[in-house]
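Heads up: the structure comes next, in structure tokens.
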Amino acid sequence: MTAAARRDYLLITSIATAISVGALIFFYHQGAILLYGDAVAHIHIARRVFDSRTPGLFQLGTVWLPLPHLLDIPFIVNDRLWQTGLGASIPSMIAYVAGTVGIFRLVRSVASPIAAWIAVVIYALNPNLLYMQATAMTESLYMACFIWSAVYFAEFVSKARHDVAQAGKSLTKCGVMVSAAMLVRYDGWFLAAVIGASAVFILWRMRPNLPQLRRGLVNFILFTGSVGALFLLYNQVAFGNALEFANGPYSARAIQERSKTASMPTYPGENSPRDATLQFLKISRLNVAEGRLEFLLLNGAFIALLASLYFARRYLSWAILWTPLPFYMLCIAWGSVPVYHPEWWPFSYYNVRYGLQLLPAIAVFAALGCEFLANFLPTRYVVGAVALVIAGSYFSVWQKTPICLREAQINGRERMALERQLADILKTLPPSATLMMNCGAHPGSIQIAGIPLRRVLCESSSRLWRVALKRPAQLVDYIIAFPDDEVGHAVHNFPEGLEAVATIGTPSQPKALIYRSTRR
């Protein structure tokens, strides 16, 4: 690496770090980093690995993949960083910086410095990404793994003909990054299949070099295959079902089945790949612009993709960045993964953050489009035009509030209000009191109150939990029940020895009922 390249990487890292910290401070003071219920749940899962009635790796649960929680653990050991949620933001922020550097490296490897900086600006300044990287959500971590997978895959493709030794090493590195992605989101499993199939096809076309490249392919298959096999084994050992994450009671399919109503028996895009594709493209556009500018960045990136396929085959490996499009089309159409946004029926917010997964493709191919245009127009005009498009697009997002933040606000404010009320009551309980609560819905109340999870009996301690559901008054001092959860049913079925002491609720949230055991 040249001195100039090192200066570029140091500059990008410094700028991205400053932006990341600034965004965290901004959203923290807005009270926004814990608005997503999933963010609170991620923190709870990470915390219970070392702080619970039954600590250990089996507390990682299923459905959500384990790497984000494992990375959060060192930063939430501190009680203050756990209660505020700031500790779990740190891995997301580091991933944001790594993803930004990866975008620069990917584009700079075959394009001009100007194009690389344009890609960095589109990626790093995206308002929705800036919000998500300040939370415990998994978007920025997955995108960092995704981007670096694309970096090493592109290096493998470019070197496969002329430098087979380095090409094999790049494919091995790609396997490491894809394996990490597989432990963050299920998008990574689809990515592993696509890159694996692409690598096999490339090696088949380069049969004379196959012996030298075979080791890289074997390493890629070994890494990604081992991750998949180990996760299936973990589910089998922990839950007695290797596919618990796919068909268990907390899977996307089971949740969607429980959420169906007579007035809404289906969701937009279900069983329709065309409508599913339109839904995903719509939320992808809304993550980069709103209003009249909505189509510019995404459509420009897509046109650049088509142009690269026809005119410039050296950019073909970058097409891997578009894998979220078929993946989410399949998920929405047949995977019980609904996406709602405010501009189409049912005019609400749900999973709009998934549209961020196309941001790396938009950033890279929009920059590539500028590279193409610079062959026909003065560079300063091209740079000026794209600067206006980026500024206008992101201004429109800030003007309406980033859609990921709006989703969190609309779906999370009432939940947080209830959790704060409940936390205020829990803080008044004796410091040594033990609690029983289903933490699947409102773990934030325990977090805000700062109550050690080793004092809380919840559903993750399955053996003790099953016993407590039949004898709620005998195993803990206080019980927090909601009308339709397991604890509520246990209180209804076995009320002996329980005394109601408080009821808490908000207009749109179910009431929490607190009971004291008279047998302790």
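The values are calculated or read from the model by the stated rules, or taken from the named source; none is laboratory data. It should be emphasised that the depicted structure is a prediction, and the values quoted were computed from it without experimental measurement. Backbone-built Cβ (ideal geometry, glycine too); neighbour counts: all protein chains shown. Calculation scope for accessible area: heavy atoms of the full protein, side chains included, ligands and nucleic acids excluded. Shrake-Rupley method; radii C 1.70, N 1.55, O 1.52, S 1.80 Å.
Please enumerate the residues belonging to the range 459-483 that are under 20 Å from residue 45 (Cα atoms), open to solvent by 20 Å² or more (accessible area, probe 1.4 Å) and of a type outside the set (D, E, K, R).
Those that are under 20 Å from residue 45 (Cα atoms), open to solvent by 20 Å² or more (accessible area, probe 1.4 Å) and of a type outside the set (D, E, K, R): 460, 462, 464.
Output the residues belonging to the range 63-110 that are modelled with pLDDT under 95 and at positive phi.
Passing the criteria: only 63.
Could you pull out every one of the helices (runs of 4 or more DSSP H) wholly within the range 449-520 that has 3 or more residues that are over 30 Å from residue 410 (Cα atoms) and without any contact (Cβ under 8 Å) to a residue 24 or more places away in the chain? Walk me through it before giving the result.
Numbers: elements: 462-470, 472-475, 486-493.
In the range 449-520, the matching helices (runs of 4 or more DSSP H) lie at 462-470, 486-493.
I'd like the full set of residues that are closer than 19 Å to residue 133 by Cα and either in contact with a strand residue (DSSP E or B) (Cβ under 6 Å, 6 or more places away or on another chain) or open to solvent by 50 Å² or more (accessible area, probe 1.4 Å) (or both), limited to the range 396-409. If you could, list the steps in order and put the result at the bottom.
Filtering the range 396-409 for residues closer than 19 Å to residue 133 by Cα gives 397-398, 401-409.
Matches in the range 396-409: 398 only.
In the range 171-213, which residues are surrounded by fewer than 17 Cβ atoms within 10 Å (Cβ to Cβ), free of Cβ contacts under 8 Å to residues at least 40 places away in the same chain and over 24 Å from residue 233 (Cα atoms)?
Listed by number, the residues that qualify are 197, 200, 201, 204, 205, 207, 208, 210, 211.
Would you check if residue 58 is open to solvent by 20 Å² or more (accessible area, probe 1.4 Å) and without any contact (Cβ under 8 Å) to a residue 60 or more places away in the chain? Before the answer, list the steps.
Details: open to solvent by 20 Å² or more (accessible area, probe 1.4 Å): yes; without any contact (Cβ under 8 Å) to a residue 60 or more places away in the chain: no.
No.
Only one of (1) open to solvent by less than 30 Å² (accessible area, probe 1.4 Å); (2) modelled with pLDDT under 95 fails for residue 249. Which number is that?
All conditions pass for residue 249, except number (1).
When only residues in the range 1-21 that are farther than 17 Å from residue 117 by Cα and part of a helix (DSSP H, G or I) count, which is least open to solvent (accessible area, probe 1.4 Å)?
Here the residue is 20.
Does residue 383 count as in a loop (DSSP other than H, G, I, E, B) and open to solvent by less than 70 Å² (accessible area, probe 1.4 Å)?
Details: in a loop (DSSP other than H, G, I, E, B): no; open to solvent by less than 70 Å² (accessible area, probe 1.4 Å): yes.
Answer is no for this residue.
What number of residues within the range 270-298 satisfy the criterion of being within 18 Å of residue 106 (Cβ to Cβ) and either open to solvent by 70 Å² or more (accessible area, probe 1.4 Å) or touching a Cys at 6+ places or on another chain (Cβ under 6 Å) (or both)? Quick ask: steps written out before the conclusion?
As a first pass, look at the range 270-298 and keep what is within 18 Å of residue 106 (Cβ to Cβ): 297.
Among the residues that remain, those that are also either open to solvent by 70 Å² or more (accessible area, probe 1.4 Å) or touching a Cys at 6+ places or on another chain (Cβ under 6 Å) (or both) are: none.
Number satisfying all stated conditions: 0.
For the range 412-458, give me each residue that is within 19 Å of residue 53 (Cα to Cα), open to solvent by 10 Å² or more (accessible area, probe 1.4 Å) and polar (S, T, N, Q).
432, 434, 438
What are the residues in the range 325-365 that are of a type in the set (A, V, I, L, M) and open to solvent by less than 10 Å² (accessible area, probe 1.4 Å), if any?
Kept after step one, since they are of a type in the set (A, V, I, L, M), are these residues of the range 325-365: 325, 329-330, 332-333, 337, 339, 352, 356, 358-359, 361-364.
Hits for the range 325-365 are 332, 333, 339, 352, 356, 358, 359, 361, 362, 363, 364.
How about the range 265-362: which helices (runs of 4 or more DSSP H) wholly inside it have at least 3 residues that are within 22 Å of the chain's Cα centre (by Cα) and of a type outside the set (Ser, Thr, Tyr)? I'd like the intermediate steps shown before the answer.
Values: elements: 273-286, 296-311, 324-334.
By residue number, 273-286, 324-334.
Does residue 486 satisfy the condition of being within 27 Å of residue 85 (Cβ to Cβ) and open to solvent by 30 Å² or more (accessible area, probe 1.4 Å)?
Values: within 27 Å of residue 85 (Cβ to Cβ): yes; open to solvent by 30 Å² or more (accessible area, probe 1.4 Å): yes.
Here the answer is yes, as residue 486 does meet what is asked.
Any residue at all in the range 299-319 that is of a type in the set (A, V, I, L, M), farther than 16 Å from residue 107 by Cα, surrounded by 14 or more Cβ atoms within 10 Å (Cβ to Cβ) and touching a Ser or Thr at 6+ places or on another chain (Cβ under 9 Å)?
Within the range 299-319 (the criterion being of a type in the set (A, V, I, L, M), farther than 16 Å from residue 107 by Cα, surrounded by 14 or more Cβ atoms within 10 Å (Cβ to Cβ) and touching a Ser or Thr at 6+ places or on another chain (Cβ under 9 Å)), the answer is no, since none of the residues qualifies.
Show the residue pairs meeting these rules: Cβ distance below 6 Å; 6+ apart or different chains; first residue within the range 1-29 and touching a residue at least 60 places away in the same chain (Cβ under 8 Å); second residue open to solvent by less than 80 Å² (accessible area, probe 1.4 Å) and among the small types (Gly, Ala, Ser).
The qualifying pairs are 16/124; 23/134; 24/89; 24/134; 27/134.
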